[in-house]
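A.B. asks: Sending over a structure as structure tokens; questions will come in a sec.
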Amino acid sequence: MNDSGFLALKGLPPLPTRGRVLRPALWGGAVAALALLCYSVVTSGMNGDLRYVLACLRSAKGGGFSASDTFVHRPFFYRWFVAGLDSLTFGSTTTREMIIRIAAVLLCVATGLALRAALARRLPPRDATLTAAVVTLALAFAPKIDFLQPEWAATLLSVLAVAAALGIERPWPAAAVAAVPLGLAVMMKYSTAATALMALLLLFAVDRMRAVRLGLVTGVSSVVLFGISLLAGSRELQWAKDMPKINQGALTRKGLDPSFLLDKSASFLVDRAYLSPVVALLPAALLLLLSRQQDRRRRAELAALAVLIVLVCVAAVAVQGNWFGYHAASLPVGAAALWGLAVAAWYRAHGRPPLFFTAVTAVYAAFVPFAAQAPHAVQGVAAGWAAVLVAFLAATADLVSARGSATVEPARPGRFAAAAVALSAVVGVFCLAAAIWPGSPQLMNAGHVVYGNSDFDARSDQTARESAELDRQIPRGAPVLYLAFGDVAYFVGHPTPCRYPVPTFLQRTKFLPDVNKLPSYKENLRCVTEDPAPYAVLQRSWFQLGNVDKTLAATIEAAYDCPPLTGNSRTPVVCRLR
């Protein structure tokens with residue numbers, strides 16, 4: 001049988017007076033979501049990686065290079081995705097960031113509507129609406145460190161692919177249409193092939209043959225799209241070969257250590273749950289959802305698929321070796337989908353939301369914005385896994401409390417049910433939006449907050465002030481050679497005559513001496529040796545002349561006259577061509 005019935009969940013009769021109960025929940029959740037979306041658009045800004053990409057694209061464009069021919073440590077299609085968003089912007093830095101975020105939120109809404117239309121073919125309308133809504137909000141409220149990263153974009157495209165695969169009636173046309181966004185998901189960063197695989201596994205849980213068809217066609221579409229990128233980008237193949245070689249944390253350099261990978265994976269998942277508390281609810285949501293499946297074998301298959309999806313996600317993080325939180329940007333979206341499906345199925349069966357599970361959701365949503373101030377006892381890896389266990393026990397308590405009620409028709413919803421449903425909707429919204437608050441974590445390490453959103457914003461403000469001072473020292477519109485990281489180039493805003501706006505290949509000789517043998521390093525070096533810009537911006541805290549390749553350092557010092565090191569070495573300086 002091709003259709004697994006995973007999303008059908010048949011045999012649950014509709015409850016009477018359902019519209020009267022759900023209407024307050026719908027309005028309450030919608031008002032809360034809209035208010036929080038407006039707040040996030042105004043206050044969140046962009047993460048440092050996205051500013052790096054924007055800085056490279058903007059400064060290189062001023063020097064005559066298109067997104068096709070600018071090195072950004074991101075593949076071709078992702079560069080053009082960000083360039084497309086940036087083309088919509090105007091005004092000040094704050095205004096431009098708000099416009100980019102609004103455009104991204106609109107993409108989330110469009111994708112959510114497509115998903116809702118597809119799910120409505122297999123679920124009751126309100127269940128489809130709830131599930132699509134939480135997926136949309138999980139994307140729109142993604143932590144700042146995730147938002148618009150390649151992994152986030154790949155997740156958005158994968159959701160769109162699943163919507164197309166399920167929403168188009170004829171299987172092969174559905175596969176052909178869905179293979180375009182899923183192939184683009186692979187192209188966002190190449191490692192995001194794992195995100196596409198996760199989407200295929202999820203689709204396999206719903207309809208096996210549609211998943212197989214989509215997998216086959218996506219293999220073809222990915223090859224075609226990669227070929228297009230090679231034809232359109234003059235150095236795309238060179239960069240595709242060289243980029244993995246400048247990652248000092250990759251498994252290809254460090255080797256395989258099973259014990260380290262196991263410990264690091266456990267720690268990473270806890271960090272991910274602090275950033276997105278819905279991740280801590282994933283096993284509990286899966287338990288509630290599987291409780292609605294009558295076939296034991298089918299329950300085991302779905303549980304195994306869920307575990308496999310998480311393993312694929314963690315494996316993609318481990319292969320890259322940096323263990324950045326955004327490398328698992330797809331995990332909260334999948335967890336949110338499970339949360340929506342579980343709550344919807346539970347309500348259809350019992351006429352109320354799962355109360356214990358909802359209560360834990362509320363506690364975790366309230367905890368995250370204050371995680372940095374939390375006592376030591378409720379931080380750390382052990383505390384994180386304890387939170388997962390508490391949520392699982394809460395779901396178990398809901399199952400125990402509902403035991404025996406599945407054989408009878410659920411009671412008519414009353415005032416308590418209406419209030420509980422409305423509260424559950426608002427709690428779900430706040431849980432998904434937990435990452436947008438000033439005190440919410442942005443960087444975690446072993447279950448402890450390294451810094452939060454407000455800390456990052458304070459650093460960004462300082463960088464902006466320092467960059468404004470640099471800009472005053474450089475004639476208006478003068479080209480610049482950046483020996484600095486992306487946030488400095490972002491705020492300085494001068495054009496560069498170099499297709500490597502941020503000298504990643506030059507800087508990585510600090511960690512990896514063999515980088516100087518790469519073709520991209522030699523080409524990047526020519527930005528210093530052949531007709532260099534009249535000014536350079538040097539950020540010694542990132543580009544340490546004493547630690548990079550000695551020949552490179554001597555070349556830079558011979559070309560540019562830089563102010564002597566005094567005071568704070570983190571403050572960037574302007575150098576002039578000798």
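A.B. asks: Can you report the number of residues in segment 339-363 which are in contact (Cβ under 8 Å) with a residue 12 or more places away in the chain and either surrounded by fewer than 22 Cβ atoms within 10 Å (Cβ to Cβ) or among the acidic types (Asp, Glu) (or both)?
C.D. replies: 7
A.B. asks: Where in segment 233-350 are there helices (runs of 4 or more DSSP H), lying fully within it, with 1 or more residues that are in contact with a Cys (Cβ under 6 Å, 6 or more places away or on another chain) and farther than 18 Å from Thr396 by Cβ?
C.D. replies: 330-350
A.B. asks: Mind listing whichever residues of segment 452-489 are open to solvent by less than 20 Å² (accessible area, probe 1.4 Å) and assigned to a helix (DSSP H, G or I)?
C.D. replies: Selection gives Asn453, Ser460, Ser467, Leu470, Gly486, Val488, Ala489.
A.B. asks: Continuing with the same structure: Condition first: within 28 Å of Ser66 (Cβ to Cβ), open to solvent by 40 Å² or more (accessible area, probe 1.4 Å) and among the polar types (S, T, N, Q). Can you find one or more residues in segment 491-514 that meet it?
C.D. replies: No: zero hits.
A.B. asks: Further question on the same structure: Counting only residues that are open to solvent by less than 10 Å² (accessible area, probe 1.4 Å) and more than 25 Å from Ala464 (Cα to Cα), give me the helices (runs of 4 or more DSSP H) lying completely in segment 42-157 with at least 1 of them.
C.D. replies: 76-86, 93-119, 125-140
A.B. asks: Just one of the numbered conditions (1) over 26 Å from Phe456 (Cβ atoms); (2) in contact (Cβ under 8 Å) with a residue 40 or more places away in the chain; (3) assigned to a helix (DSSP H, G or I); (4) of a type outside the set (Phe, Trp, Tyr) is not true of Val390; which one?
C.D. replies: (2)
A.B. asks: Which members of segment 27-38 meet the condition of being over 26 Å from Phe324 (Cβ atoms) and either surrounded by fewer than 21 Cβ atoms within 10 Å (Cβ to Cβ) or of a type in the set (A, V, I, L, M) (or both)?
C.D. replies: Across segment 27-38, the qualifying residues are Trp27, Gly28, Ala30, Val31, Ala32, Ala33, Leu34, Ala35, Cys38.
A.B. asks: Further question: So Thr555 passes all but one of these: (1) open to solvent by 10 Å² or more (accessible area, probe 1.4 Å); (2) hydroxyl-bearing (Ser, Thr, Tyr); (3) touching a residue at least 60 places away in the same chain (Cβ under 8 Å); (4) in a helix (DSSP H, G or I). Which condition number does it fail?
C.D. replies: Failing condition for Thr555: (3).
A.B. asks: I need the full set of residues from segment 528-552 which are among the acidic types (Asp, Glu) and touching a residue at least 24 places away in the same chain (Cβ under 8 Å), in order please.
C.D. replies: Asp531, Asp549
A.B. asks: Now a separate question. Looking at Leu184, Leu256, Leu202, which is the one that is closer than 29 Å to Ala304 by Cβ and not assigned by the TED database to the domain that holds Glu97?
C.D. replies: The unique qualifying residue is Leu256.
A.B. asks: Take the residues of segment 227-264 that are surrounded by 17 or more Cβ atoms within 10 Å (Cβ to Cβ) and among the polar types (S, T, N, Q): which is modelled with the highest pLDDT?
C.D. replies: Only one residue fits best here, namely Ser229.
A.B. asks: List the residue pairs whose Cβ atoms are under 7 Å apart, where the first residue sits in segment 370-383 and is assigned to a helix (DSSP H, G or I), the second is modelled with pLDDT under 85, and the two are 6 or more positions apart or on different chains.
C.D. replies: The qualifying pairs are Ala383/Ala377.
A.B. asks: Within segment 293-300, does at least one residue satisfy the condition of being touching a residue at least 60 places away in the same chain (Cβ under 8 Å) and open to solvent by less than 20 Å² (accessible area, probe 1.4 Å)?
C.D. replies: Looking for residues that are touching a residue at least 60 places away in the same chain (Cβ under 8 Å) and open to solvent by less than 20 Å² (accessible area, probe 1.4 Å), one finds none in segment 293-300, hence no.
A.B. asks: Given the options Val314, Val224, name the one that is under 30 Å from Arg208 (Cβ atoms) and either buried (at least 16 other Cβ atoms within 10 Å of the Cβ) or modelled with pLDDT under 95 (or both).
C.D. replies: Val314 is the lone residue from the list that is under 30 Å from Arg208 (Cβ atoms) and either buried (at least 16 other Cβ atoms within 10 Å of the Cβ) or modelled with pLDDT under 95 (or both).
The values are calculated or read from the model by the stated rules, or taken from the named source; none is laboratory data. Remember, predicted model here, so these are calculated numbers, not experimental data. Quick reminder, even Gly has a Cβ in these numbers, built from the backbone with ideal geometry, and neighbours come from all protein chains shown. To get the accessible areas, we keep the full protein, side chains included, count just its heavy atoms, and leave off ligands, DNA and RNA. Shrake-Rupley method; radii C 1.70, N 1.55, O 1.52, S 1.80 Å.
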